[in-house]
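Asker: The structure under discussion is supplied below as structure tokens; questions concerning it will follow.
The values are calculated or read from the model by the stated rules, or taken from the named source; none is laboratory data. Predicted model only: the values in this text are computed from it and were never measured. Here the Cβ is made from the backbone with ideal geometry for all residues, glycine too, and neighbour counts use every protein chain on show. Just so you know, the surface numbers come from the protein's heavy atoms only, side chains and all, with ligands and any DNA or RNA stripped out. Shrake-Rupley method; radii C 1.70, N 1.55, O 1.52, S 1.80 Å.
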Amino acid sequence: MDELTITPGSACQGCGAALAARLAFKALGPNTIRHGVPCCPDSATMTPRGGGGVFEGGGAALTGTWRALKAKGITDVQVVGFFGDGGTYDIGLQGISAAAERNENIWVITKDNEAYMNTGNQRSSSTPLYAMTSTTPVGSVIKGKQTGKKNIPMIFAAHHVPFVATASVGYPEDLIAKIEYGKTLTGFKMLIIQSPCPVGWRYDPAKTIEVARSAVQTGIWPLYEITDGEKFKLTYKPRELKPVTEYYKPQARFRHVTDEQLAGIQEDTTKNWEKLLKSDELGQLLI
Amino acid sequence: MVVGIRIHGRGGQGAVTASRLLATAAYYDGKFSQAIPMYGTERRGAPVTAYVRVDDVRVRERELVHTPEIVMVLDPLLSTRQTMADDMAEGGLLLLNAAYPPEEVKTGGNIRVATVNATNIALETLRRPITNTAILGAFAKAVGWPKLESIEKAIRKQFSGRIADMNVEAIKRSYDECSEVIPAPVKIAGESEAIAVGGYGVLKDVSSWRVFQPVIDMDKCTGCKNCWIYCPETAIKWTDENKPEIEWRKCKGCGICVNECPVGAIEFKRVEIKNE
Amino acid sequence: MTGNKAAATAVKLARVEVLSAFPVTPQTTITQYLSEFAANGEIKGEFVNAEGELSTQVIVQAASRAGARTFVCTSGPGQLYMHHPMHSTSSSRLPVVMATVHRGNKSMQPDHTDLMSQTWTGWIQLYCENNQEILDTHLMAYKIAEDKRVRLPVAIGYDGYVLSYTAEPVEVPSQKSVDDWLPPYEYQSILPKDYDPATGGRGFGGGGRDPQQGWITHHEALLNALPVIKEINEDFGKVFGRKYGNGLTETYKTEGAEAVMVAMGSLAGTARAAIDNLQADGKPIGLIKLKCYQPFAVEDFKEYGKKFKAIGMIDRNVCLGHGGAGYRLIRNSLYDMDERPKVLQFHAGLAGKEVRVGDFERVGEKILKAAKGDKVSQVEWV
Ligand SMILES: Cc1ncc(C[n+]2csc(CCOP(=O)(O)OP(=O)(O)O)c2C)c(N)n1
Ligand code: SF4
Ligand code: SF4
Ligand code: SF4
Ligand SMILES: [Mg+2]
């Protein structure tokens, strides 16, 4: 597997998203056309670019490329959108949902750093509950984001597309395996990669992998895959979850979160994990 | 009389904040001022230049400062480069973040120079290499204005609580530790090279980003490949001897490999800057 | 205070009730300042961090219709993306106020393409030279937009980076003085209990049999806004001690000048410095600052046409395949005069290209040459 990102890129030191790009394109291989929409880091790859990067148009741009290839009888190329959470969860959601419903033969890979980092850390609908961003600051009246993170993988599972999965830069083998499996499928494929951002999440850049791993080990970011909107598999199953405080404490974006609030998060996380465990046992997604 | 100031730094060192603090402090001194930042997207390590104009009357023009009377450099590696003195006014002042005295400054020209070890001050007062306030005190000393109280007031307007206190300590120390201002020891300007410290997209060499750098102890290394797989910049190559090797132009000094080595074979060492 | 902080501060002072924004460089920090105000309880309004610019415009449109004082802000690509609903905001005659922090479509750096591309949506467009003017213009914009004789949305354009991120002293009026000057927005209720099915609520759309009526009404409303903008500028000056020419255009050192250059936005500041230098050298040239671009101050320019032998328009834009936006309007204004001055076109500062005092001096000399009757090229890219 060759390295396909052109490095060094413009990302900050210890950028999780840059690692997500590196791992994803390594696994996708050279026979790939990449679409990007505005986001950071603007990881360049040795694969061709498919379009002009209209922020609101990710799903449509992928559709256009895939349909042109199809019209020409070319079906072995991976048509890949590598977007930020802003591009997938927010401004581009409508177009991506439409592409999923049409079951376009494309990939939507999202490096999820849980805010709009390119413009300086503003909240997105992927920003978790209570997190401090520049548009959800910690003030004297309101402290951090007041709503939770949008559950995008489950929304796309409900589109009944061939493949939806989560991944983490803390688990490279899992990430790569999911892309390799997805490459064998025809139709719409989505991969959401949690990609810690030391600048926005406010932790020491050396800890990017540690933070990513702890999200998985605490059940905050479970690793799973859903095929055809039904078949469910947890791809990482610790015997016991670590307490969520292990994930929250090192990140200064959560510094103001109270113990009471943490207890609430713990409760929700455990509940969600138990549901996923049950789905995993059945091999069938329970909603 | 209008005074033009140019500030060089990299994203994360606070050059833009420095320009605003300086403009605000000058305003508290009773001057009119304007702080103009120049940057693309706000990425760490990306090049940042900011300009300040200080005048006795309200500033109207909007062009950048093209022949600065004062240039202030926040980054120690940039401080060794002749480019910093480009287009300076005759007899202008070049204030560098450097660990050596002004007598050892190699930047040439008909200019005056002063140095302060802002990185050290920042690491000791803020515990991070954010050098903006750690050089502003030296500015006040070397230039003779703004008043230290004005900078402190500007800092307390920008920051609050403990952060403000730490920054105030940084300016005070920097004021005290600033060197003498002397005529540049080298009279003739050397060759000035364009400097790519950062940018958008693909870069050639990010060596200048490192404040600390990973040093691998090959005897301890078990060849587990952790450092290799987790490096975001593919800066770690895998050798035929089944060992990691760092490609220095790609390494940003993030410390991920240091943190992820299971046997502690990688040490994170402060980079020494050679003044050549 | 940066230009973006000045805008956010004005919005706070105006007691805006519904705000919506989506981040985009170089507008972003307005959103951040407003978020901080909201988090600290300094603004009571509803702040919607929407999922994209299209929604931000629709949110304030609907909120304005429901009677709220509103604010929205954007730059470059975001401005282009919200084009569609901008039409219905203005044709519904809703007094939305919007800040456009200019970003060129071909770079992060500013030119006026983003806002000028919206010309056909029929908003009032006001441009600002410095950060004080940004704050003041936002306050005036609410008064203009909500004036019963106007009832139109107002867009305030100012250059990204050059103003948005540049810090300079700004005088902030007291909350009380703003409250006294800017009364709450008076609107027509859309509540079910007040609804009159006979009129269908407010209807500025078609009306009557003429399908063009909507356009006619909207166009006339813009033209009728001209004297109101002047009046509100005068009044602002009386109360706050600062005004901007006659509200539409401003002359600078035009006394005894034979020719003038016309500049918009932050370029006007640099142009002033050039005019000072030129006049110090005995060169008879002055400056006209074009503040209100839409509606266009045709009458002002007719007057200038009588006074000056040559006018040079400096456009930070190009309507591709047509030419500069300001230039075409100025020439159009002068066509019916018996004796017309020379009108020259300069394109400058597109994609954020820096324009220096020296550039303006050169421009000034060329305009003076034209005034003397020398032959010079008609169009120049500075
Ligand atoms: C229509 C439009 N609106 C806004 C922007 C400004 N913009 C560029 S990137 C970005 C945020 C991207 O956030 P995300 O997708 O999460 O990617 P990240 O930067 O976090 O990697 C925004 C708001 C734009 N380019 N186009
Ligand atoms: S801001 Fe965050 S996501 Fe963006 S380049 Fe820096 S570390 Fe990566
Ligand atoms: S310090 Fe960071 S960039 Fe350098 S080799 Fe280690 S992981 Fe790679
Ligand atoms: S992580 Fe440590 S042990 Fe493993 S290959 Fe790298 S240096 Fe060697
Ligand atoms: Mg993001």
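Asker: Specify which residue in the list C:A10, C:A280, C:A99 is farthest towards the positive end of the charge dipole of chain C, using unit charges on the beta carbon of Lys, Arg (+1) and Asp, Glu (-1), about the Cα centre.
Answerer: C:A280
Asker: Before rounding to the nearest 500, sum -39500 (n - 2.57) across all DSSP H runs of length at least 4 in chain B and divide by the residue total; then give [θ] at 222 nm in deg cm²/dmol.
Answerer: Using -39500 (n - 2.57) per qualifying helix, the result is -7500 deg cm²/dmol.
Asker: Provide, for q = 0.17, 0.25 Å⁻¹, the log10 of I(q)/I(0) from a solvent-free Debye sum over equal Cα point scatterers in segment C:244-322.
Answerer: Evaluating at q = 0.17, 0.25 Å⁻¹ gives log10 I(q)/I(0) of -0.65, -1.28.
Asker: For chain C, with a Gaussian network of springs between Cα atoms less than 10 Å apart, report the residue from C:K143, C:K230, C:K176 with the top mean-square fluctuation.
Answerer: C:K176
Asker: What value does segment C:1-66 have for Rg/Rh, both radii from Cα atoms and Rh as Kirkwood defines it?
Answerer: Answer for segment C:1-66: 0.95.
Asker: Excluding ligands, DNA and RNA, what is the solvent-accessible area per residue of chain C at a probe of 1.4 Å, expressed in Å²?
Answerer: 38
Asker: Next up: Please compute, over every Cα-Cα pair in segment C:209-368, the percentage with a separation greater than 25 angstrom.
Answerer: That tail contains 34 percent of the Cα-Cα pairs.
Asker: Got a number for carbon plus sulfur as a percent of segment C:3-181's accessible area, 1.4 Å probe?
Answerer: Heavy-atom surface of segment C:3-181 belonging to carbon and sulfur, 1.4 Å probe: 54 percent.
Asker: May I pose another question? Could you give the dipole magnitude of segment B:3-183 about its Cα centre, charging the beta-carbon of Lys and Arg +1 and that of Asp and Glu -1, in debye to the nearest 20?
Answerer: Using Cβ point charges on Lys, Arg, Asp and Glu, segment B:3-183 gives about 680 debye.
Asker: Still on this model: Are there any residues in segment B:218-235 with a reduction of at least 20 Å² in accessible surface when going from the isolated chain to the assembly of protein chains? Probe 1.4 Å, please list them by number.
Answerer: Relative to the lone chain, where solvent access is computed with a 1.4 Å probe, segment B:218-235 loses at least 20 Å² at B:W228, B:I229, B:Y230, B:P232, B:E233, B:T234.
Asker: C:D210: accessible area at probe 1.4 Å, nearest 10 Å²?
Answerer: Rounded to the nearest 10, the figure is 60 Å².
Asker: May I pose another question? Heavy-atom accessible area of C:Y252 with all protein chains present, probe 1.4 Å, nearest 10 Å²?
Answerer: So the heavy atoms of C:Y252 present about 40 Å² to solvent.
Asker: Using the C-alpha atoms of chain B, what convex hull volume per residue, in cubic angstrom, is computed?
Answerer: Normalising the Cα hull of chain B by residue number yields 139 Å³.
Asker: P(r) of chain C in 20 Å steps, Cα pairs, percent per bin?
Answerer: Values per bin, smallest distances first: 29, 57, 13, 0.
Asker: Give the cross-link partners of B:K252 among the lysines, using a straight C-alpha distance below 28 Å as the criterion and excluding same-chain residues fewer than 8 apart.
Answerer: Correct list for B:K252: A:K26, A:K111, A:K207, A:K249, B:K106, B:K204, B:K220, B:K225, B:K237, B:K243, B:K269, B:K274.
Asker: Sorted by mean Cβ packing within 10 Å, highest first, what order do the peptides B:182-191, B:70-79 take?
Answerer: Highest mean packing first, the order is B:70-79, B:182-191.
Asker: Could you give each residue of segment A:203-212 its phi-based ³J(HN,Hα) in whole Hz, using Karplus coefficients 6.51, -1.76, 1.60 with θ = phi - 60°, and x for Gly or Pro?
Answerer: Whole-Hz 3J(HN,Hα) from phi for segment A:203-212: 8, 4, x, 5, 9, 3, 6, 4, 5, 4.
Asker: Identify which of B:G108, B:G161, B:G14 has the largest mean-square fluctuation in a Gaussian network model of chain B, with springs joining Cα atoms closer than 10 Å.
Answerer: B:G161
Asker: Then there's this: Only four residue types carry charge here, +1 at the Cβ of Lys and Arg and -1 at the Cβ of Asp and Glu. Report the dipole size of chain C about the Cα centre in Debye, rounded to the nearest 20.
Answerer: With only Lys, Arg, Asp and Glu charged at Cβ, the dipole is about 540 debye.
Asker: Connecting C-alpha atoms closer than 10 Å in a GNM of chain B, tell me which of B:N120, B:N242, B:N167 has the biggest fluctuation.
Answerer: B:N242
Asker: Placing +1 on the Cβ of each Lys and Arg and -1 on the Cβ of each Asp and Glu in the protein assembly as shown, which of C:S64, A:I109, B:T83 has its Cα farthest towards the positive end of the resulting dipole?
Answerer: So the residue furthest toward the plus end is C:S64.
Asker: Work out from phi, with θ = phi - 60° and the Karplus expression 6.51 cos²θ - 1.76 cosθ + 1.60, the ³J(HN,Hα) of each residue of segment A:161-171, listed in order in whole Hz, and give x for Gly and Pro.
Answerer: Result, rounded to whole Hz: 8, x, 8, 9, 8, 10, 8, 8, 5, x, 10.
Asker: May I ask you to give the average projected area over all directions of the convex hull of the Cα atoms of segment C:73-198, in nm² rounded to one decimal?
Answerer: Reported value for the Cα convex hull: 9.6 nm².
Asker: Put +1 on the Cβ of every Lys and Arg and -1 on every Asp and Glu Cβ in the protein assembly as shown; which of A:G182, A:S126, C:S117 then has its Cα farthest towards the positive end of the dipole?
Answerer: Comparing the listed Cα positions along the dipole, C:S117 ranks first.
Asker: How much net charge surrounds B:G9 when only the other residues with a Cβ under 12 Å from the Cβ of B:G9 are counted, with Lys and Arg +1 and Asp and Glu -1?
Answerer: For residues surrounding B:G9, the net value is +2.
Asker: Placing unit charges on C-beta atoms (Lys and Arg positive, Asp and Glu negative, everything else neutral), compute the dipole magnitude of the protein assembly as shown about its Cα centre in debye, rounded to 20.
Answerer: That gives the protein assembly as shown a dipole magnitude of about 680 debye.
Asker: Hey, another quick one. So which residues in segment A:12-31 end up with at least 50 square angstrom less accessible surface once the other protein chains are there, compared with the chain by itself, probe 1.4 angstrom?
Answerer: Those residues are A:C12, A:Q13, A:R22.
Asker: May I pose another question? Once Rh is set to the Kirkwood radius over Cα pairs, what Stokes-Einstein translational diffusion coefficient, in µm²/s, holds for segment B:207-270 at a temperature of 37 °C and a viscosity of 0.692 mPa s?
Answerer: Once the numbers are plugged in, D ends up at 285 µm²/s.
Asker: Beyond 15 Å, what share of the Cα-Cα pairs of segment A:152-192 is found? Please give it as a whole percent.
Answerer: Here the tail beyond 15 Å accounts for 38 percent of pairs.
Asker: If you take the square roots of the eigenvalues of the alpha-carbon gyration tensor of the protein assembly as shown and sort them as a ≥ b ≥ c, do you get rounded (a/c under 1.5), prolate (a/b over b/c) or oblate?
Answerer: Cα axes put the protein assembly as shown in the oblate bin.
Asker: So what's the gap between the Cα centers of segment B:44-113 and segment C:317-382, to the nearest angstrom?
Answerer: Taking the Cα centre of each part, segment B:44-113 and segment C:317-382 sit 36 Å apart.
Asker: Further question on the same structure: Could you work out the mean projected area of the convex hull around the alpha carbons of segment A:1-49, in square nanometres to one decimal?
Answerer: Across all orientations, segment A:1-49 yields a mean hull projection of 3.2 nm².
Asker: When the Cα centres of segment C:1-31 and segment B:114-158 are compared, how far apart do they sit, in Å?
Answerer: Between the Cα centres of segment C:1-31 and segment B:114-158 lies a distance of 30 Å.
Asker: Give me Rg/Rg_expected for segment A:150-287, where Rg uses Cα atoms only and Rg_expected = 2.2 N^0.38 Å with N residues.
Answerer: Compactness ratio reported: 1.08.
Asker: Can you give the accessible area buried between chains B and A, summed over both chains, with a 1.4 Å probe, in Å² to the nearest 100?
Answerer: 2700
Asker: Something else: In deg cm²/dmol, rounded to 500, what helix-only [θ] at 222 nm does chain C give when every DSSP H run of at least 4 residues adds -39500 (n - 2.57) and the total is split over its residues?
Answerer: The helix contribution divided over chain C gives -12500 deg cm²/dmol.
Asker: Turning to a different aspect of this structure: Tell me, Kirkwood radius of segment A:16-282 from alpha-carbon pair distances, in Å?
Answerer: Across segment A:16-282, the inverse of the average 1/r is 18.6 Å.
Asker: Over all distinct Cα pairs, what is the inverse of the mean 1/r for segment B:1-146, reported as the Kirkwood hydrodynamic radius in Å?
Answerer: Evaluated on segment B:1-146, it is 15.1 Å.
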